[in-house]
Each structure stands twice: as structure tokens, then as C-alpha cells.
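A.B. asks: Would you mind keeping the following structure in view while I ask a few things?
Values quoted throughout were computed directly from the atomic coordinates according to the rules given, and no laboratory measurement underlies them. Note that the structure is a prediction, hence the values are computed from the model and not measured. Every residue, glycine as well, gets a Cβ built from its backbone with ideal geometry; the counts of neighbours run over all protein chains shown.
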Amino acid sequence: MSGDPPALVEFSNVRKSYGPTLAVAGVSLAVGDGEFVALVGASGSGKSTLLKTVNRLIDPTAGAVRFAGDNVEGLPLAALRRQIGYVFQSVGLFPHMTVGENIAIGPRLVGERLAGERIARLLELVDLEPEMADRLPDELSGGQRQRVGVARALANEPRLLLMDEPFGALDPITRDALGDRVRALHGEFGLTTVMVTHDMAEALLLADRVLVMDAGKVVADETPPALLSGAGGAIAQGLVAVPRAQADRLAELAR
């Protein structure tokens, strides 16, 4: 459609197999520049595998992934990843490095030094005190470590933010607050964001567009209002039914 944003990420018949197991089964779709897209599905549906083909943590068995029009397999890996921030559930902070050193690791790998003022600003963006730059990761709570992970992903000023179950290990209050912060940062910096989650409520609340995966295929591609209105088919509506039922039960308790 002419009104759609230009594609920043394109998947063209992407397939990934592990022996006889087909993890991604021929996915073709585009993610527009500036979109916030959620990939939702049960465990083993292929959503994390598909996400990781973008920054080449996984190379597809067949098909192509394009970033800003270029096939990612033809781009220098360091140059590609410099434009892509990546946040994952286990955070992956280096325990022997300070928070500030962890945040600065991406620029450091390409020969750049991140100034202390820039590290302080990144911490403030994720609602952490600049003084935390001198702490070690094991001195932080799980929520604080994940906020550092988001700051690290933003350090290279990426065009694209990939998030793989970023809030899954957090308590509900921290999860909700950090989700809202990421959504705000998405808008503030004009990012394109693709987030993998198994939580349909999270996807509905944060994303502009929800892609539902099942058995390696995208079986629904809808906006949150459309999903809440019954669109997307049986698998998508099965996922929507969970938060809807929870909301109904809470409403009954409040009577």
C-alpha cells in the first residue's frame, strides 16, 4: 500500500531447518521503518529463530533477509550489527566489567571510546542513576540489569532494535515499567523495533503490529485493535483469549 512506511527489514521466503526439523517455514514479510512489531507464538513456533536471522546470529537455510535494501549475508558483520541493537532475556552482561564498560562494549569493538557523559545519558534514558556506571552487574537487581542491557543496545545509536523475550524473567511491576520505557524510547529516537514475546497482552499493549507464528509460519499479521475485534484466525484468537479471560475474571472479582 502506498501509505505504508518504507521497509527497513524484509524477509523473502526465509526458511531455517535443523536436520529434519523446519524451524522457519518460508516467511515473507516486511517491517516498515519506524514500526514497533511484536512476534508472538508458543515455544518452538520459530519466532526467535526468525528474529536472529536479521543480525545473523542465525543464517537461513534458504531465502533472504534484507536490511535497508541490502542482503544481510553480503554485509560486513560488524557494520551490520553496529546498526542493530539487540536485547535478550538473559541480558548477557560481562560480570567482570562495570556497568559503564558493559554499555560501552559495542563502540569499543569498532575502535570507538564512549565518553563518560554519553554513558551517563544512556543510564538516565533507562531510568538508572549515572553513578551506577561504576558498579558491577552482580550488585544490581534483575530489572536494573535488564535496563543496562537496553542502554547497551542503544549505545551505537542503532536504526533497528531487536528484543528477544526481553522482559520474561522480570517481576510484573518491573516488566510493565520497562516495557513502557522501551516503547517511549522507540518513539523518542525514531527506532524500528521487533520484539519476540510469548505474552500476547504485552504484544497488544506495546506493538503497532502483531505477527503470530505457529509451526514456523506467520499465521496472522494484524494490529492490536484488529486482534481484539476478532481478526487473525483461530491460533491468534487462542492467544488473545488468555488476557481477555484474565481481564474478565478480574472484573468479576471487582464486582
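A.B. asks: Using amide H atoms built in the peptide plane, which far-off residues or other-chain residues are under 5 Å from residue 220 H to H?
C.D. replies: 212
A.B. asks: Before rounding to the nearest 500, sum -39500 (n - 2.57) across all DSSP H runs of length at least 4 in the chain and divide by the residue total; then give [θ] at 222 nm in deg cm²/dmol.
C.D. replies: Working: 10 runs with 94 residues, N = 255.
About -10500 deg cm²/dmol.
A.B. asks: Excluding residue 60 itself, calculate the net charge of residues whose Cβ lies under 9 Å from the Cβ of residue 60, where each Lys or Arg counts +1 and each Asp or Glu counts -1.
C.D. replies: Every neighbour counted, the sum reads 0.
A.B. asks: Along the Cα-to-C-beta direction of residue 97, a point sits 7 Å from the Cα; which residues of the stretch 45-79 have their amide N less than 17 Å from that point?
C.D. replies: Answer for the stretch 45-79: 78-79.
A.B. asks: Between residue 223 and residue 250, what length comes free when the chain is fully extended (0.36 nm per residue of separation minus the Cα-Cα distance, one decimal in nm)?
C.D. replies: Full extension of this stretch gives 7.3 nm more.
A.B. asks: Follow-up question, since we're still on this one. Specify whether the C-alpha gyration tensor of the stretch 170-251 places it in the rounded, prolate or oblate class, a ≥ b ≥ c being the square roots of the eigenvalues: rounded for a/c under 1.5, otherwise prolate if a/b is larger than b/c and oblate if not.
C.D. replies: On the way: a/c = 1.90, a/b = 1.22, b/c = 1.55.
Oblate.
A.B. asks: Ok, one more. Taking a ≥ b ≥ c as the square roots of the Cα gyration tensor eigenvalues, with a/c under 1.5 meaning rounded and otherwise prolate when a/b beats b/c, else oblate, which class fits the stretch 16-162?
C.D. replies: The shape class here is prolate.
A.B. asks: Which of 148, 24, 182 ends up with the largest GNM mean-square fluctuation for the chain, with Cα atoms connected below 10 Å?
C.D. replies: Sorting by GNM fluctuation, first place goes to 182.
A.B. asks: Using a 10 Å cut-off around each Cβ, can you sort 250, 39 from fewest to most neighbouring Cβ atoms?
C.D. replies: Least crowded to most crowded, the residues run 250, 39.
A.B. asks: All other residues with a Cβ under 10 Å from the Cβ of residue 209 taken together, and with Lys, Arg as +1 and Asp, Glu as -1, what is their net charge?
C.D. replies: Taking every Cβ under 10 Å from that of residue 209, the sum is -4.
A.B. asks: Classify the chain: rounded, prolate or oblate, from the alpha-carbon gyration tensor (a ≥ b ≥ c, eigenvalue square roots; a/c under 1.5 rounded; otherwise prolate if a/b is larger than b/c)?
C.D. replies: oblate
A.B. asks: What are the chymotrypsin sites (Phe, Trp or Tyr not before Pro) within the stretch 55-90 that DSSP puts in a loop, where the Cβ has at most 11 other Cβ atoms within 10 Å?
C.D. replies: Hits after loop and neighbour filter: nothing returned.
A.B. asks: Among the helices of the chain (complete DSSP H runs), which have Cα atoms covering no less than 15 Å along the helix axis and a Kyte-Doolittle mean of at least 1.0?
C.D. replies: Values: long enough: 142-154 (19 Å, -0.45); 172-188 (24 Å, -0.61); 234-253 (28 Å, 0.50).
Helices meeting the criterion: none.
A.B. asks: At a Cα cut-off below 20 Å, give the aspartates and glutamates reachable from residue 52, other chains included and same-chain residues fewer than 8 away excluded.
C.D. replies: Output for residue 52: 10, 33, 35, 70, 73, 157, 164, 165, 199, 214, 221.
A.B. asks: Of the trypsin sites (Lys or Arg not before Pro) in the stretch 59-133, which ones lie in a loop per DSSP and count no more than 16 other C-beta atoms within 10 Å? Don't skip to the end; give the middle numbers.
C.D. replies: Values: sites: 66, 81, 82, 108, 113, 118, 121; in loops: 113.
Filter output for the stretch 59-133: 113.
A.B. asks: Net charge near residue 22: determine it from the other residues with C-beta under 12 Å of the C-beta of residue 22, scoring Lys and Arg +1 and Asp and Glu -1.
C.D. replies: +3
A.B. asks: Just subtract the alpha-carbon distance of residue 90 and residue 201 from 0.36 nm times their residue separation and send over the number in nm, one decimal.
C.D. replies: Length gained between residue 90 and residue 201: 37.8 nm.
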